Amino acid sequence: MPSLVSISSSRADVGILEPVWRSLADQPYCELHVILTGMHCAATADSSVPIPDDAKIYRCGADLGGQKSGEAASDAMASITRDIGATLADVEPDAVLVVGDRLDMLPAAVAALPSNIAIVHLHGGEVTEGAIDDRVRHAMSKMAHFHCVSSPSARNRLIAMGEEDWRIEVTGAPGLDTLLAVPSLEAADFAAAIGMEAVDGLRLVTVHPETNAVDPLAPLDAILEALMARPARTLFTAPNSDPGGAEARTRIEQFVADHVWADFRDTLGSALYTNALRHASVMVGNSSSGLIEAGLFGLPVVNVGDRQAGRERGPNVIDVDSDTAAIASVLDRLGQNPRRFESFSPYGDGRSGPRVAGVLCGLPDRQKLLRKRLAGDPLDESQQMEVAQC
């Protein structure tokens, strides 16, 4: 029976992983272990993660969100590596599934290296030039032995990075499965669920630090200033735990305290967040959700700054600089209730969970999997032998 470890480091990737977990639970010959780390270790973390009953659950490491410096974040990352390394030594899994590009996911992948455990990476081959995440994602891709990617373009990028094509499966983004499975709420029921009188004209705002910029909070400051001059129902969700995330949260909470038409939720959960995408009039910020998920509902997205630069997007996304006047101009042009776009996402069809589970349960022979070769290496075998003898 294959033993698999899946690692989650944030509320965001629970929505990505849940369809995979459900599909693995349907496999009679698979033993699933789930490690929760990063944001799941915060004092305010939601403990109700939808993990299958048969899965074994572990909490390891520390949250990076409260760290005020790079040094402190590095220390938290070290604790993640140490604690997950100890857990992996106890479990002895056949493979580890890591997802995405977060700073607190990288040490989880590093923990698998000393034990030479096969790593499967989900969402590799994507690009977000404005965030440190870009380097994190590519580093994990090179550590990984197999890739479940969201699009053909992502697959092509991994091949360009030297990954062998047989190691790459285009599965789509499992997070879309989660969205499509959520029952639709009427506008009045959704408003009641989030504590608002109504949601007509609702602006959904999610802003993370732009960690690869000189001023990581420039997108947030520009957005707040643009919103301040245009009072309307506004719902903020929390920034992630990147460096600068704690300060971003402080600024958002102060903004909400100063403006009665604004509200804040740490997290909405997959059910309410999906219905937020259904009922909001516009999404503003720099979250990957605006590019990957919002298009399924045709929701107009004002994508601010360079955090998501290079990531594939649909026609519902309007890119704008971290400039108050530019953001204000787009909001004014859209109006209070802009038209919806046709449903579209370049990230799959919403049936990706079973595909990823199929990959995990049908991985190639361990010896073949662990021995990685650089695809496109200009040296043939005889040349490699000559170089080795020099």
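Applying a threshold of 6 Å to beta carbon distances and a minimum spacing of six or more residues, or different chains, the list of pairs starting in the stretch 267-288 at a residue that is over 20 Å from PRO338 (Cβ atoms) and ending at one that is in a helix (DSSP H, G or I) and of a type in the set (Ser, Thr, Tyr) reads SER270/THR178.
If the condition is being within 28 Å of LEU185 (Cβ to Cβ) and basic (Lys, Arg), then the stretch 297-348 contributes ARG313, ARG339, ARG340. Pairs are defined by a Cβ separation below 6 Å, a sequence spacing of at least 6 or placement on different chains, a first member in the stretch 1-22 that is at negative phi, and a second member that is part of a helix (DSSP H, G or I) and acidic (Asp, Glu); the pairs so defined are PRO19/ASP177. The residues of the stretch 232-253 that are of a type in the set (Lys, Arg) and assigned to a helix (DSSP H, G or I), listed by number, are ARG249, ARG251. Identify the residue in the stretch 269-286 that is part of a loop (DSSP other than H, G, I, E, B) and out of contact with any helix residue (DSSP H, G or I) (no Cβ under 6 Å at 6 or more places or on another chain) and, among all such residues, is surrounded by the most Cβ atoms within 10 Å (Cβ to Cβ). The residue in question is ALA280. Among all residues of the stretch 5-24, there is none that is among the hydrophobic types (A, V, I, L, M, F, W, C) and more than 20 Å from ALA109 (Cβ to Cβ). Hey, does the stretch 33-45 have a residue that's over 19 Å from the mean Cα position of the chain (by Cα), assigned to a loop (DSSP other than H, G, I, E, B) and over 22 Å from GLY353 (Cβ atoms)? The answer is yes, given that some residue of the stretch 33-45 is over 19 Å from the mean Cα position of the chain (by Cα), assigned to a loop (DSSP other than H, G, I, E, B) and over 22 Å from GLY353 (Cβ atoms).
Looking only at the stretch 175-192, count how many residues are surrounded by 14 or more Cβ atoms within 10 Å (Cβ to Cβ) and assigned to a helix (DSSP H, G or I). Total meeting the criteria: 10. Please work out if GLY61 is small (Gly, Ala, Ser), closer than 19 Å to ALA43 by Cα and surrounded by 22 or more Cβ atoms within 10 Å (Cβ to Cβ). Yes: the conditions hold for GLY61.
Here the stretch 197-209 is the region considered, the condition is being surrounded by 15 or more Cβ atoms within 10 Å (Cβ to Cβ) and among the hydrophobic types (A, V, I, L, M, F, W, C), and the residue that is nearest to GLY335 (Cα to Cα) is LEU202.
With respect to (1) in a loop (DSSP other than H, G, I, E, B); (2) within 18 Å of the chain's Cα centre (by Cα), the lone exception for VAL214 is condition (2). Taking the stretch 5-32 as the range and being under 15 Å from HIS121 (Cα atoms) and in a strand (DSSP E or B) as the test, the residues that pass are VAL5, SER6, ILE7, SER8. Scanning the stretch 131-147 for residues that are within 14 Å of HIS208 (Cβ to Cβ) and either free of Cβ contacts under 8 Å to residues at least 24 places away in the same chain or part of a loop (DSSP other than H, G, I, E, B) (or both) yields ALA131, ILE132.
Read the figures in this text as sums done on the coordinates, not as results from a lab. Predicted model, so just to flag it, every value in this text is computed and none were measured. Quick reminder, even Gly has a Cβ in these numbers, built from the backbone with ideal geometry, and neighbours come from all protein chains shown.
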